[in-house]
Structure formats: C-alpha cells, structure tokens
1. For segment 436-475: of the residues being in a strand (DSSP E or B) and under 30 Å from residue 487 (Cβ atoms), which is most open to solvent (accessible area, probe 1.4 Å)?
2. Being within 30 Å of residue 151 (Cα to Cα), touching a residue at least 12 places away in the same chain (Cβ under 8 Å) and of a type in the set (D, E, K, R), is that true of even one residue in segment 239-254?
3. Take the residues of segment 247-258 that are open to solvent by 10 Å² or more (accessible area, probe 1.4 Å) and under 18 Å from the mean Cα position of the chain (by Cα): which is nearest to residue 411 (Cα to Cα)?
4. Residue by residue through segment 33-62, note down the ones that are of a type in the set (Val, Ile, Thr) and surrounded by 19 or more Cβ atoms within 10 Å (Cβ to Cβ).
5. Restricting attention to segment 468-475, does a residue exist that is touching a helix residue (DSSP H, G or I) at 6+ places or on another chain (Cβ under 8 Å) and at pLDDT below 95?
6. Looking at (1) aromatic (Phe, Trp, Tyr); (2) at pLDDT 95 or above; (3) open to solvent by less than 30 Å² (accessible area, probe 1.4 Å), which one does residue 433 not meet, given that it meets all the others?
7. Give the number of residues within segment 213-254 that are part of a helix (DSSP H, G or I) and out of contact with any Leu (no Cβ under 8 Å at 6 or more places or on another chain).
8. Just for segment 157-175: of the residues that are part of a helix (DSSP H, G or I) and open to solvent by 10 Å² or more (accessible area, probe 1.4 Å), which one is nearest to residue 99 (Cα to Cα)?
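The values are calculated or read from the model by the stated rules, or taken from the named source; none is laboratory data. Values in this document were obtained by computation on a predicted structure and should not be read as measured data. Quick reminder, even Gly has a Cβ in these numbers, built from the backbone with ideal geometry, and neighbours come from all protein chains shown. Heavy atoms of the whole protein, side chains included, go into the accessibility calculation; ligands, DNA and RNA do not. Shrake-Rupley method; radii C 1.70, N 1.55, O 1.52, S 1.80 Å.
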Amino acid sequence: MIIGHAFAASLAFGAAAIAPGPDSAASAWADLAARDVEAFCTDIRGVHPGMVDPLSPTFASQVDRACHTAAERARNAGSFLDWMEIVQGLVTSFRDGHTGIAITVVPTQLRWPGFLIDGQGGRWVVRRPSRTPAVDSNPPEGAELVGCDGQPAERFLEQRLDEKTVDWSKAPERIRQAFRAFTTYRLDGPAPARECQFRERGRIANVRLEWRPITYVAMQPLLAPYLRRGATSRPISVSFAPDRHAWVQLGNFKDETALKALEADLLGKQSRLRSAPYVVFDLRGNGGGNSTWGGRFASILWGADAVEGRRLAEQSSNPAEYGKYWRRSKAAAVKMHAAADGYTADGPDFADIARYWRELGDTIAAAKEDGLYQDECCRPKPRPAVVPRPAYAGKVFVLTDAGCFSSCVVVMNTLKRMGAVQVGEASGQNEVYGESVGPFNLPSGLGWYRIPVSIIRQPRSSLGGLPPDIQWPGAMDDDQGLHAWIAKLARNR
C-alpha cells in the first residue's frame, strides 16, 4: 500500500483510541511502534538460534541492547516516518541478512537530487535511473563520488546509512544500497547533503545538490539495477550460442517448478552441454532458496560422483566450520510448521520441501528443553581416497553480483570448488544464521518480517562477499557487454 502524508495522519488518528492523550496522533504512533518492537523482539528471543549459540556469546546481549534502544525510540514516535525508521533501524542493527523486514505501507513521495549512485568496479559512480523525468546533467553520468559536505564518500555514506537502512559492514551491501544516501522520505527539514564532489577524467568538481520530490510509483520500479534484484526475477533457463557455448541463467532457487523443468531440459541436452567450449552459470540477482540445486546442476555438467567426491575431499575438519544446527524451542517449532503450511499451499512441486519442514517441526516440538538440535545431514564424512575425474573439462564461469545472496553463495561455492572462475562483482554475503521462516505480520499491519532458525557452520571463505576472481568494471545489468567480455575471457584463458 502507498500512502500520502495526509492518509498517514488519518491512520494515526484512527488508532488514537488505543492510546488517548494530549497529542492523540503522536501517542498512537508511539503505541504502534512499541507493540511492533515488542512482537519482533519476542520472536527473536524465542526463535533465533543466535540466542543459544555457544560460538556467539554476545548475541543475546546485542539483542537486548537493540530492543531496548528501539523501545526507547518508540516512546517518542510521532509519525509514520518515525515508526518506519525505528523498525528498520531495529532489524538492520542485527547485521544479519536473514533477519529481514518488509514495509508494506510507504509514502507516496520521496526526495532526491535528480541522480543516484551505483557501485561499479570498486567505486561509487553517478547513475541516473532510466525513464525518469529529464533533469540537468550535473554531475555527469559515470562521475565518481569523492565526498559530500566535507566528508570522504565512504564516511558520508556510512553515517547516512549504517544501522538505519543498510548494514554497511558488508561490502556487497555497500555496492548495492549506496544509492539510498541520495533519497529520503522526509519532504521537509534539512536535506541529507548540500554539496558533493565528483571526479571525472581526473578533475574534481563541486556540485550543489537540488533536492526535489518524485513519486514512489515512479522511482521504485527503476531501482532493480542498483539493488541487483527486482520484482521481476531473471529467468531460469539455458541457451546455446552459435559458437556452442552454454549460458545457464539461474534467477532464483525458490521456483521449484521452473528449476525442475530446467533440470529435465539440461539432462536431455547433457551431451550438448558437456561438449560446449565454455559454460556460464549466471547467478545475478539470485536471492537464494534451495541450495541443493547447486549440486544437482553441477552433477549434470561434471558428474555426481566427481561433485560429491570434491565436496568430501575439501570438507573442513574444524568443528567450528561444519554442521547445521536448528533452534530447539517451542516457538521455533511453531514457525517451522507455518513454513510447512506455506509450501503445501504452493502446490505439488513443493511437496518435498513442505514434508521436510513438517517433520523438522515435529522433531523440534518434541524436544524437552531449549537449545540447539544438530542436523544429521551435515556431519563430516570420510574423505575419498580418490576423487573421480570430472566428466567436463572445459572452461566454466560463474557470474555473480552483489544481489547473489544466501543459497546463491552456497551454489557459487559448489561451482567454484569444481574449478569455475567467479567473474562480475563480489557476491552477496551468506550468513551463519540461515533457513529464514516467515513472513510474519507485525501487529500494526504495516509490515512483516522473517527470522532464521538454523546455524550453518562454515569457513569464512565460504560466506562470500569477497572480490571475484576477475572483476567487471561496468554496470552489472549490461547484458551485451558482459556476454562479450566473458567470451573474450574464454578465448584468452
């Protein structure tokens, strides 16, 4: 839902009966914020595995601090924007990509200076969204942001965004969310920045920013290239070029129907796939899902025995770097059963996943005390004496962007373990805490949230968020440029 500021006020006055006072609108927003903070924090404490993780002894105190800070801020909430900033800041402060919130009611307008910035090739450069109303050309397209209001770019962006709407501690988030520094829903008051410096062709120019309104409806559909994800996912398909190379697009690992169709297609074309001079696995914009698809697609190309043999040969022997553990609590079991119900409603292609969550929830519900339950799936196994030779010996590239997150990073690692070269830009970062469940509605009805219920032990090098083997210097949605660039890499490697 999109709301104007007048309608936001009417929402507050409609809720005023909940908490009457001298300023009924402000009291209502304070009450809504307080109840949402309490509900979210209650679920975090009851469901999140970090609360009982022996390797994260400070997690519980971090939760207490974050929830206390949000509750104190809620006391002074006097508007919808106050409410929104409180709940966004609360969730972002956990620095856990699988703990997320979605605001389902947003204002009709925001302010911006007529341009945004995008992370490209290790820099933040000016990039104007397509199809926006004509604006002046200063700063010029592609100019590098140097700083704003006397602060270097990095410091300015961190102060504007960290623990407010962005976890600035993660490099992929710095790439794909820096544009938010040049937007604000606050239509009055001081602008986020008055003057910024930009570098172009070796020269630095000062630019006075002119902030102007733009509608949410006009802006939001244009943000996918910055976020590396969007409402319309990249396809799940395979194509073969005239030179016989294969391009496998994996836009997500959630659409079981499309993934199973692609698996059948690739199995039917397996000989053609294995005779390709090079293969590209395109993981751009893939926000995760079912990570077992990585092994399934890799097995079609290289062979199941080779893929599993390589995995076992490289498994860690450090107990802190392997194993999966689930939060063992009654509250977590309820969330797992809710996940099973959701997958059941998605249809027969999701029956296996629904059954998995149902049985897991039953196991957790039967536990007699809170703690962690170790999944038998991920205990270390004996290393093979010999790793079978892969069925494919050609060149393989895995194309990633900062939108590749969670299970996408797991799949990327599976492909790289088999010798694939990571190209593009740094992938998103996987998290220690995973298997998010939700959505669960906030009491206010203004948004919903997800919470992870598992711990996935893994080496730091497996979490992603690191520079690729070969970095692309341009925009990550430049399909034509990327195809030509990878073709050149294939010829020269």
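1. From segment 436-475, those in a strand (DSSP E or B) are 436-441, 447-456, 464, 470-471; that's our starting set.
Then keep just the ones that are under 30 Å from residue 487 (Cβ atoms); that gives 464, 470-471.
Working: 464: 5, 470: 38, 471: 95 Å².
The extreme case among them is 471.
2. For segment 239-254, residues within 30 Å of residue 151 (Cα to Cα), touching a residue at least 12 places away in the same chain (Cβ under 8 Å) and of a type in the set (D, E, K, R): absent.
3. Out of the qualifying residues, it is 252.
4. In the first step, residues of segment 33-62 are kept if they are of a type in the set (Val, Ile, Thr); the result is 37, 42, 44, 47, 52, 58.
The answer is 37, 44, 47.
5. As a first pass, look at segment 468-475 and keep what is touching a helix residue (DSSP H, G or I) at 6+ places or on another chain (Cβ under 8 Å): 470, 472, 474-475.
Filter once more, so that each one left must be at pLDDT below 95: 474-475.
Yes, segment 468-475 has at least one match.
6. (2)
7. Number of matching residues: 8.
8. For segment 157-175, the residue satisfying everything is 173.
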